[in-house]
Amino acid sequence: MKTLITILVITYITAFNLSSTVAYANIEGPKPRTIIQAKVTGYNTVPEQTDSTSCVASSGDNICGRNDVVACPRSIPLKTKVDIDGKEYICLDRLALKYDNRFDISCDKDFECPYKVSGYKQVIIK
């Protein structure tokens, strides 16, 4: 949703004529954000943790080598940006249905990362 602000400007051209010019301008305001507390986990792009096409996300994007990807619940559209722990991620992947209530950060091949990013965290959905 976009917030629209309508500005009405009235300018009197002359004091004698009292004619006026009216101009309307729509100015787009900031998009609303949603802030939630959610369970966050991490995963590696390896077949043992995903499937045989571990580098291909649900969005069709190749996510290997990237550190800005998160798997989001199905209620959040793909390509949505989210902030977790002050870092911006983009929702390019999905979780298994049984885990559809959390966010799963792609740690690519960093096998220590899932332990570092896991926990209940503030998630800002942009």
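What follows is calculated from the coordinates using simple rules that are stated; it is not laboratory data. None of these values were measured; they are calculated from a predicted model. Using ideal geometry, Cβ is built from the backbone for each residue, glycine included, and neighbour counts are taken over all protein chains shown.
What does the net charge come to around SER106 if you take all other residues with beta carbon closer than 11 Å to its beta carbon, with K and R at +1 and D and E at -1? Before the final figure, lay out each step's value.
Numbers: positive: ARG66, LYS109; negative: ASP61, ASP68, ASP93, ASP104, ASP108, ASP110.
Summing Lys and Arg as +1 and Asp and Glu as -1 gives -4.
Which lysines have a Cα less than 23 Å from the Cα of LYS121, not counting those fewer than 8 places away in the same chain?
Here the lysines satisfying the reach criterion relative to LYS121 are LYS31, LYS39, LYS79, LYS81, LYS87, LYS98, LYS109.
Grab the other residues whose beta carbon is less than 9 angstrom from that of CYS64, score K and R as +1, D and E as -1, and report the net.
+1
Assigning unit charges at the beta carbon (Lys, Arg +1; Asp, Glu -1) and nothing else, what dipole magnitude in debye, to the nearest 20, does region 34-125 show about its Cα centre? Don't skip to the end; give the middle numbers.
Numbers: 12 positive and 13 negative charges, 61 e Å.
Approximately 300 debye in magnitude.
Let me understand region 34-125 better: what is its radius of gyration from the alpha carbons, and its Dmax, in angstrom?
When restricted to the Cα atoms of region 34-125, Rg and Dmax are 11.8, 34 Å.
List every residue whose amide H lies under 5 Å from the amide H of ILE105, counting only residues 5 or more places away in sequence or on a different chain, with H placed 1.01 Å from N in the peptide plane.
Here THR41, GLY42, TYR43, ALA71 satisfy the definition.
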